[in-house]
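*Asks:* Got a structure here, written out as structure tokens. Questions coming.
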Amino acid sequence: MAKILMVDDSRTSRKILKDILVDAGFEIVGEAGNGEEGYQMYSELKPDLVTMDITMPVLDGISALKKIKESYPDARVVMVTAAGQKSKLIEAIQSGAVDFISKPFDSEKLVDIIRKAIV
Amino acid sequence: MFGIYFGEFLKSKGIISDVQYKDIIDKCQNSRVKLGLLATESGLMSAEQAEEVNTLQKQLDKRFGDIAVEKGYLTDGQVSFLLKQQGDGYLLFVQSLDEAGIMKMDDVQRELNSYAAENGFTEDDIEEIKSSDVDREVKVFLNKADIEDFYKEYIALTARFIVRFVDPNVRIGFVKKVNSYEADFMSKQGFEGDKPFTVSFAANGDGKALRLVAESLLKEPFDTVDLDVLDANCEFINMNNGLFATDQHESGISIDMLPPEMKETKEKIEGNMLVVPMYIKGNLLELVIEI
């Protein structure tokens, strides 16, 4: 079972995402509320995939992605974004994000993206 | 929906009771079938197509009919046909008043004139409110406010977003300009960039409107306003703001969202603000825009 770490400052967003991913058979090994916490948890848990929100306090998602990729180049990170963050998404993809999922979530599309990102 | 606006007026005048108002609104809502359901029931679209359009509608800020036409599932003519089938919100409300023995058509017209005079509405405004189309209803209230189109667009988008996720019959009030504002609970998010501003969903007392927003996202009931409720409202604002930022980007205005904030205790804010009353299932939510 693929292990996923979720990094998002919104508990609501984490809950919605978690419900969809658990239903699809993924294991959520950790939840972090900001990018710094996400980096620390990645180092400890070494998950198969990270879902990473973009707008977060302390350390934003793109900075956290860069930090993780610097230490762990093989890390697989999928960005989570509200619409309207196109320029940041481009930066994220250029920084090594595998793909992105948009809010509000479309369960089927989301699971499909996560499955492809893990392979 | 017309009945939400005019019904509130009749209630405030003591012409109908709260119970009568709720009964009539329920009756009108039950008579108004969703467009997607009508399309599938009449065999014009498959259930999968309707579901796909429903999902896209939440992500794209477009009407069901427009998306269905773009996807090639319906023609413009079929959309018009379905809209007619959906029923006239004004007539449904008037018919319900008549059937309940409350008012006849002549009385309705007299009270409608009085409603218009009291609120400064023109005949055209009343026609817009009769349309039971949220965009047209909201425009009537926004056009009375001396504010930039930029903020009108934001308010209209927020009303549509609430309609899609929380309450199909949200009611808006007149926009107020204030320099000081206080509320028991607030969920807020700011924008940075070409045109920075901050928006909050605020409520007082039992915060029922904020709880309804949270319940629509998390699909669980909340008895009080806690951090989960405020967090869900932040998330709701965040999704709405994302759509707004996309629209603005297409118009050449670059704005980006900042991390959201939650205020669980009474807080006073000062500065130039717009306060927009929005009634979600009859409960007041104030959309506060710090400009």
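*Asks:* Hey, could you check the stretch B:249-262 for residues that are open to solvent by less than 60 Å² (accessible area, probe 1.4 Å) and assigned to a strand (DSSP E or B) and say which is nearest to the other protein chains (Cβ to nearest Cβ)?
*Replies:* B:MET257
*Asks:* Mind checking whether some residue in the stretch B:154-172 is more than 14 Å from every other protein chain (Cβ to nearest Cβ) and of a type in the set (Phe, Trp, Tyr)?
*Replies:* no
*Asks:* Looking only at the stretch B:230-243, which residues are touching a residue at least 24 places away in the same chain (Cβ under 8 Å), in contact with a strand residue (DSSP E or B) (Cβ under 7 Å, 6 or more places away or on another chain) and at the interface with chain A (Cβ under 8 Å from one of its Cβ atoms)?
*Replies:* B:ASP231, B:CYS234, B:ASN238, B:MET239, B:ASN241
*Asks:* Restricting to the stretch B:191-209, what's the tally of residues that are outside any helix (DSSP H, G or I) and open to solvent by less than 10 Å² (accessible area, probe 1.4 Å)?
*Replies:* The total comes to 8.
*Asks:* Sticking with this structure for a sec: Please indicate, with yes or no, whether at least one residue in the stretch B:47-58 is in contact with an Asp or Glu (Cβ under 9 Å, 6 or more places away or on another chain), on the phi < 0 side of the Ramachandran plot, open to solvent by less than 20 Å² (accessible area, probe 1.4 Å) and among the small types (Gly, Ala, Ser).
*Replies:* There is no residue in the stretch B:47-58 that is in contact with an Asp or Glu (Cβ under 9 Å, 6 or more places away or on another chain), on the phi < 0 side of the Ramachandran plot, open to solvent by less than 20 Å² (accessible area, probe 1.4 Å) and among the small types (Gly, Ala, Ser).
*Asks:* Output the residues belonging to the stretch B:175-190 that are assigned to a strand (DSSP E or B) and crowded, with 18+ Cβ neighbours inside 10 Å.
*Replies:* Hits for the stretch B:175-190 are B:TYR181, B:ALA183, B:PHE185, B:MET186, B:SER187, B:LYS188, B:GLN189, B:GLY190.
*Asks:* If you don't mind, another one. Quick one: in the stretch B:212-241, of everything that is under 19 Å from B:VAL276 (Cα atoms) and out of contact with any Pro (no Cβ under 8 Å at 6 or more places or on another chain), which residue is surrounded by the fewest Cβ atoms within 10 Å (Cβ to Cβ)?
*Replies:* By that ranking, first place goes to B:LEU212.
*Asks:* Could you check B:SER216 against (1) of a type in the set (Ser, Thr, Tyr); (2) more than 24 Å from B:GLN29 (Cβ to Cβ); (3) assigned to a helix (DSSP H, G or I) and say which number it fails?
*Replies:* The number of the failed condition is (2).
*Asks:* Name the single residue, out of those in the stretch B:115-132 being charged (D, E, K, R) and more than 15 Å from B:PHE174 (Cα to Cα), that is modelled with the lowest pLDDT.
*Replies:* Only one residue tops the list, namely B:LYS130.
*Asks:* On to the next question. Give B:LYS58, B:LYS62 a once-over and let me know the one that is under 29 Å from B:ASN240 (Cβ atoms), assigned to a helix (DSSP H, G or I) and of a type in the set (Lys, Arg).
*Replies:* From the options B:LYS58, B:LYS62, the qualifying one is B:LYS58.
*Asks:* Return yes or no: is A:LYS18 open to solvent by 10 Å² or more (accessible area, probe 1.4 Å), in a helix (DSSP H, G or I) and away from chain B (no Cβ under 13 Å)?
*Replies:* So A:LYS18 does not fit the description; no.
*Asks:* Between B:THR265, B:THR246, which is touching a residue at least 24 places away in the same chain (Cβ under 8 Å) and open to solvent by 20 Å² or more (accessible area, probe 1.4 Å)?
*Replies:* None of the other options fit; the residue is B:THR265.
*Asks:* Got a number for residues in the stretch A:35-59 being open to solvent by 20 Å² or more (accessible area, probe 1.4 Å) and either out of contact with any helix residue (DSSP H, G or I) (no Cβ under 6 Å at 6 or more places or on another chain) or aliphatic (A, V, I, L, M) (or both)?
*Replies:* Total meeting the criteria: 11.
*Asks:* Which pairs turn up if I take residues in the stretch A:92-119 that are within 12 Å of another protein chain (Cβ to nearest Cβ) and look for partners that are among the basic types (Lys, Arg) and part of a helix (DSSP H, G or I) with beta carbon separation below 9 Å, at least 6 apart in sequence or on another chain?
*Replies:* A:ILE101/A:LYS109; A:SER102/A:LYS109; A:PRO104/B:LYS58; A:ASP106/B:LYS58
*Asks:* Still on this structure, I have one more. Please specify each residue of the stretch A:103-113 satisfying the condition of being open to solvent by 50 Å² or more (accessible area, probe 1.4 Å) and over 14 Å from A:PHE26 (Cβ atoms).
*Replies:* Result: A:GLU108, A:LYS109.
*Asks:* Now for a different question. Restricting attention to the stretch A:39-91, which residues are charged (D, E, K, R), touching a residue at least 40 places away in the same chain (Cβ under 8 Å) and within 14 Å of chain B (Cβ to nearest Cβ)?
*Replies:* A:ASP53
The values are calculated or read from the model by the stated rules, or taken from the named source; none is laboratory data. Keep in mind it's a predicted model, so treat the numbers as computed, not measured. Every residue, glycine among them, receives a Cβ derived from its backbone with ideal geometry; neighbour counts consider all protein chains shown. Ligands, DNA and RNA are stripped out before the accessible areas are found, and what is left, the full protein with its side chains, is counted by its heavy atoms. Shrake-Rupley method; radii C 1.70, N 1.55, O 1.52, S 1.80 Å.
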